[in-house]
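Every number in this text was worked out from the coordinates using simple rules, so none of it is lab data. A quick note: this is a predicted structure, and the numbers were derived from the prediction, not measured. Ideal geometry is used to build each Cβ from the backbone, glycine not excepted, and the neighbour counts take in all protein chains shown.
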Amino acid sequence: MKLPMYIGQINQALHTQNAYKLSSYIEVFGKHTEKMLLDSPESNRDVERNCHDRLEQPWSDIIFHHIMAGRAISKGDFIEAYEAQNTALAAFLRDFQKTTNWSLEALFTINKDLCKLAVEADKQLEQRGEAPVSLEDCARMVNKSFTSCITDRSPIQSSKKWGTYNIACILFRTYFKLKSHNLCKNIIRAIQVAELPELSQFPMAHQVTMRYYTGVLSSFDADFTKAEADLQFAFDRTPPKFHKHRRLILNYLIPARLLRGSLPSASLLREFPELDSLYGPLIHAIKTGNVQLFDEGLSQAAGRFMVMGTYLTVEMSRGLVMRTLFKKVYKTTGGTSRVSISAFQTALAFVGVTADLDEVECMIANMIYKNYIRGYLSQEKRILVLSKGNPFPSISSIQPV
C-alpha cells in the first residue's frame, strides 16, 4: 500500500469517525502498517510533509510518529520505536479532551502498542548495559490516558469514561510486568470514588479483563472469597477458543478454589494438560491424604508457582491433605471422640512424614486453629478430644485463615 493511499484511508476513517478502521490502520504490528512500510520508499522528511499536507492536527503528528515507529521496528530498533510511539501518544492526548469518545479504540491501540514496544525496548537497553526504563515511562503515559478517561466531564453518552476500564487493565498489565502490584490499588481506589456507570454496563471484554485483574489482586491479598468470585466470572465468560486466556485465569482460580475444598474436574484438567501436570499430584494427595506426595508435587512445581505468585496459596492447601489423613485416622478408630496422638503419628509415618509427638501435637493444634478440626488437645493424656457433632466440618464452610 503506497503512502498516499494509506494516509487517504486514515483520512476517510477520521472523517467518518470509523473507530475500528482507524484503529486497524494505526497498529504498529498490524497488516496495514506493514504493507505501507514495504511499499513506501519515501524519506522521513517526505513522509512528514505528506502527513502535514494531507492530515489535520493532531493526526498529522500522530501518523508521522506512528510511521517512524514502524520504520524503527523494521530495522530492529525498539528503543527508537518506543520513543516514536510515545510521541504519538502524547500528541493524541493533547487533543483527546476536545473530542468525543468516538476515538477510544484508537487510544486503546496506541497504549497497547506502546506497552509492547516498551518491553522490547527494555530488552535492548539491558543488552547495552543500560537501565531498563521504558516500561516505567510507559506506565506514566498509560496513567495519563487513564486520567483523561476517568476525569472526563462530557455527557455520559459521549463520555470518554467508557474507556476507563480498558485503559485501567492495560495499566494493570504494565504494573504486573514491573512487579509493582501495589500500584494497582491506586487505580482501583480512583475507580471506586469516580462517578462511573456500573461495570456491568461496559463491554463484556472490559468486564472480564477487569474481574480477572481484581481477582488476581484479591488472591495476592489473601481475600480468596472475592478472588474466586471475580475469577470465576472471568472464566465463565471467556469463550473456549481463547484457550490461553482461560488457562491464565485458572492459574489463580484453581488455588483459590482448592482452599474451599473444590477440586478441578478431570475433564477440565484434560482440557489444560499443562495444568494437569502441575495439579494432578496435588489433587491426588488431597483426595488420599498422602502428605509426602503433596510435598513432592509442590516441590517439583515450586518454580512455576513462584513465577505466577501462587506458591503460598497452593501451599496453604496442604492443610486439606492433613485433614483427609486425620479424618481417615478418626474413621479407623471407629469414630470415637478421643484419639491418641500416637495414632496420628503412625498415620503420618505411613505416608512418609517423620514427626515426634510434640510435632504431631503442633500439627493438630494448627488444624484446630484453621477450623479443619473441631476439638481440643489434652496434652496431659496425649489425646485429641473431638467434637461429638461434625468434628470435620465441610471445607466449603471454612474461611481460610
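Here is the list for the stretch 323-401: trypsin sites (Lys or Arg not before Pro) lying in DSSP coil, each with at most 11 other C-beta atoms within 10 angstrom of its C-beta, are 381, 388.
What base-10 log of the normalised intensity I(q)/I(0) is obtained for the stretch 19-104 from the Debye formula, alpha carbons as equal point scatterers, at q = 0.22 Å⁻¹? Result of the Debye calculation: -1.16.
Here residue 123 and residue 304 are evaluated by their C-beta separation; at R0 = 25 Å the FRET efficiency comes out at 0.65. Using R0 = 45 Å, the C-beta based FRET efficiency linking residue 192 and residue 354 works out to 0.35. Per residue, the convex hull around the alpha carbon atoms of the chain comes to 169 Å³.
When the chymotrypsin sites (Phe, Trp or Tyr not before Pro) in the stretch 140-246 are filtered for DSSP coil states and for at most 14 other beta-carbon atoms within 10 Å of their beta-carbon, the remaining sites are 242.
Per-residue ellipticity at 222 nm computed for the chain from its helices equals -21500 deg cm²/dmol, with DSSP H segments shorter than 4 residues left out and the rest contributing -39,500 (n - 2.57). Rounded to the nearest 20, the Cβ-based charge dipole of the chain about its Cα centre (Lys and Arg +1, Asp and Glu -1) stands at 1400 debye. Give the distance, in whole Å, between the Cα centre of the stretch 309-376 and the Cα centre of the stretch 6-39. Between the Cα centres of the stretch 309-376 and the stretch 6-39 lies a distance of 64 Å. Sparse packing (at most 15 other Cβ atoms within 10 Å of the Cβ) combined with a DSSP loop state is found for the following trypsin sites (Lys or Arg not before Pro) in the stretch 220-277: 237, 241. To one decimal place, what Kirkwood hydrodynamic radius in Å is obtained for the stretch 266-316 from all pairs of distinct Cα atoms? By the Kirkwood definition, the hydrodynamic radius is 11.1 Å.
Legend: translational diffusion of the stretch 274-371 by Stokes-Einstein, Rh = Kirkwood radius over C-alpha pairs, 20 °C, 1.002 mPa s; D = 152 µm²/s. What FRET efficiency, computed as 1/(1 + (r/R0)^6) with R0 = 41 Å and r the Cβ-Cβ distance, is obtained for residue 243 and residue 327, rounded to the nearest 0.05? It comes out at approximately 0.65. Inter-part distance, the stretch 49-106 to the stretch 202-275, computed on C-alpha centroids, equals 36 Å.
Assuming charge only on the beta carbon of Lys and Arg (+1) and of Asp and Glu (-1), the dipole of the stretch 203-329 about its Cα centre is about 300 debye to the nearest 20.
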